[in-house]
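One structure is given here, and the rest of the page talks about it.
Read-outs: derived from the displayed coordinates by stated rules, not from any lab. This one's a predicted model, so the numbers in the text were calculated from it and none came from an experiment. Here the Cβ is made from the backbone with ideal geometry for all residues, glycine too, and neighbour counts use every protein chain on show.
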Amino acid sequence: MKTNILGLPVKETEATVKELNTLLSNFQVYYQNLRGIHWNIRGKRFFDLHVKFEELYNDSQLKIDLIAERVLTLGGTPLHTFEDYIAHNQLTVGKNVSNDEKAIHLIVSSLSSVLKIERTILDHAGAINDEGTNSMMSDFIAEQEKTIWMMQAWLEE
């Protein structure tokens, strides 16, 4: 079996890069959703939610960079055009969301979809002993599961 400079199997690593680019694309859409709800949120919870949404989009921006850098580390090229992002997107695009509950539901559904992509990557990375990708996915998953729990707790008030 042919391996790359990292000792990972070439063919399987190329598949991981493709999956990471799908994740990257979906994170870019998630990021834009967060920016939109941050800008457009209205109502009595504006101040709290405006700050929370900024926290979430700043976090997603960091994750976007980590994903792109992992693609590069594995020898791939990160997707970087809106055309690519839309072509690989699996998330609902939130347009003009200003209602607090709709915004939170958008976050929960987006993260739920992102988790599915991350778990697929986790499975494939684990199968080829790609600990760098595995570790990153594990960290992302733990954080996002907690965010979903908190958002669902907010929705139940």
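With Cα atoms as the point set, the chain shows a radius of gyration and Dmax of 16.6, 60 Å. Each Lys and Arg Cβ is given +1 and each Asp and Glu Cβ -1; about its Cα centre, the range 10-156 then shows a dipole of about 580 debye. Each other residue within a Cβ distance under 15 Å of Asp84 adds +1 if Lys or Arg and -1 if Asp or Glu, for a net charge of -1. Each of Phe27, Ile121, Ile5 was scored by the projection of its Cα onto the charge dipole of the range 1-125, and the greatest displacement toward the positive side belongs to Phe27; charges sit on the C-beta of Lys, Arg, Asp and Glu. If the segment from Trp149 to Glu131 were pulled out straight at 0.36 nm per residue, it would be longer than the present Cα-Cα gap by 3.8 nm.
Close lysine pairs were tallied over the chain: pairs 8 or more places apart or on different chains with Cα atoms under 18 Å apart number 11. With helices as the sole contributors, the chain gives -27000 deg cm²/dmol at 222 nm; each DSSP H run of n ≥ 4 counts as -39500 (n - 2.57), and the sum is divided by every residue.
Shown in residue order for the range 88-98 are the 3J(HN,Hα) couplings computed by the Karplus curve 6.51 cos²θ - 1.76 cosθ + 1.60 at θ = phi - 60°: 9, 6, 10, 8, 6, 8, x, 10, 6, 7, 10 Hz (x for Gly and Pro).
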